[in-house]
Amino acid sequence: MIKIIKSVKEMANFANRIKGRGHTIALVPTMGALHEGHLSLVEAAHNKANIVVVSIYVNPTQFAPNEDFNKYPRTLLKDKTALRHFEHITIFAPSDKELYPDTFDTWVEEGTISKKLCGKFRFGHFKGVTTILSKLFNVVRPDFAFFGEKDYQQQLIVKKLVKDLNYPIDVIICPTIREYDGLAMSSRNKYLSPKERKAAAVLYKTLIRAKKDLEGGETDYRRIIVGLSRLIGFEPLIRIDYITIVNPDTLIEIKEIKKEKVLVALAARVGKTRLIDSMIVQPK
Ligand SMILES: Nc1ncnc2c1ncn2[C@@H]1O[C@H](COP(=O)(O)OP(=O)(O)OP(=O)(O)O)[C@@H](O)[C@H]1O
Ligand SMILES: [Mg+2]
């Protein structure tokens with residue numbers, strides 16, 4: 001039977017008990033509406049630590065005012081069922097009231113990487129992410145924390161948060177799990193109409209095309225990006241927020257492609273749903 005802890009105090013006591021016995025804790029932070037991508041993180045966490053805490057919390061502070069906070073899927077009982085095959089799992093599903101009482105006004109903000117890519121489109125998003133993660137880290141006191149490569153910029157920021165604030169946590173990144181046609185799994189895929197879902201497959205195709213270009217020896221940033229934008233442009237249901245080739249550590253644009261690995265990153269709106277994807281490529 002999977003235990004669901006809703007109170008911060010109970011979670012902190014539980015973590016203290018576990019650690020007091022010399023056991024390790026792995027934290028898998030999620031916003032719920034669990035899919036195979038999340039389960040792959042849980043599986044990896046399960047292989048690494050004695051106890052896995054899956055936090056399920058739709059964090060209001062990481063949604064900009066114009067975003068989908070109210071309609072975000074909340075499926076706690078279904079999520080519990082999705083986790084039933086794992087042992088030693090605890091779900092931490094705190095309430096807004098407890099995490100953000102009326103007096104709450106202390107924030108954690110990364111100042112460099114969070115300003116790039118999605119940071120330009122989702123105002124305050126990463127500040128909300130680093131703040132809630134700091135709170136979760138303090139309550140759960142994990143030895144390991146698991147994140148997906150799908151949210152590439154987020155995992156860079158998390159590593160920086162852990163380093164800058166000296167959290168004694170080993171951050172582990174797991175590969176992106178995809179649908180049959182390559183679309184990166186995401187809770188927000190649930191929003192897509194059948195037509196939008198079909199059109200969304202072009203995002204992964206675009207990354208594959210970029211990989212081919214780069215591995216084929218193309219070094220001109222502009223030429224590559226124009227080709228990729230055109231490919232996405234064929235899908236009338238999709239609008240690009242950004243598509244770019246950047247340094248995988250700094251997220252700074254690489255205008256002249258050399259031999260070093262690059263990150264091809266994109267964000268697009270499929271209808272009203274904003275999706276992201278990315279791929280590390282080794283140019284030839
Ligand atoms: N397809 C995936 N493969 C691997 N990890 C994933 C995948 N999708 C999400 N994750 C990871 O799961 C963790 C929780 O993410 P989150 O709950 O935001 O899910 P999500 O699918 O990204 O939802 P949304 O699309 O609403 O942001 C993050 O570390 C995220 O990177
Ligand atoms: Mg997400």
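Every read-out reported here was derived from the displayed coordinates using simple, explicitly stated rules and does not represent laboratory data. As the structure is a prediction and not an experimental result, all values here were calculated from the model. When we count neighbours, we look across all protein chains shown, and the Cβ atoms used for this are built from the backbone with ideal geometry, even at glycine.
Please give the FRET efficiency for T106 paired with I252, using the beta carbon to beta carbon distance and R0 = 51 Å, rounded to the nearest 0.05.
Computed FRET efficiency for T106 and I252 comes out at 0.95.
Ranked by Cβ crowding within 10 angstrom, fewest neighbours first, how are E10, E43 ordered?
E10, E43
Tell me, E110, E218, E36 in order of fewest to most beta-carbon neighbours within 10 Å?
The fewest-first ordering by Cβ neighbours comes to E36, E218, E110.
What nm value, rounded to one decimal, do you get for the distance between T24 and E87 when each label is placed 7 Å out toward the C-beta?
Result: 1.7 nm between the two label points.
Among all the lysines, which ones have a C-alpha under 23 Å from K9's C-alpha, if same-chain residues fewer than 8 places away are not counted?
Leaving aside lysines fewer than 8 places away in the same chain, those within reach of K9 are K19, K80, K97, K135.
Farthest toward the dipole's positive end in region 3-174, which of I89, F123, S134, given Cβ charges of +1 (Lys, Arg) and -1 (Asp, Glu) about the Cα centre?
I89
Amide H to amide H under 5 Å from G32: which residues, 5+ apart in sequence or cross-chain, H placed 1.01 Å off N in plane?
Correct list: Y57.
So how strong a dipole does the chain carry about its Cα centre when Lys and Arg Cβ are +1 and Asp and Glu Cβ are -1, to the nearest 20 debye?
Using Cβ point charges on Lys, Arg, Asp and Glu, the chain gives about 400 debye.
Excluding A44 itself, what net charge comes from residues whose Cβ is under 13 Å from its Cβ, given Lys and Arg +1 and Asp and Glu -1?
-3
Send over the semi-axes of region 3-174's equivalent ellipsoid, whole angstrom and largest first, taken as the square roots of 5 times the C-alpha gyration tensor eigenvalues.
24, 18, 17
Would you mind ranking S187, S193 so that the residue whose beta carbon has the fewest other beta carbons within 10 Å leads the list?
So the residues, fewest neighbours to most, are S193, S187.
Hey, which of these cross-link pairs are over 27 Å Cα-Cα: K116/K198; K163/K261; K205/K259; K6/K78; K127/K284; K195/K259?
As for pairs spanning more than 27 Å Cα to Cα, those are K116/K198; K127/K284; K195/K259.
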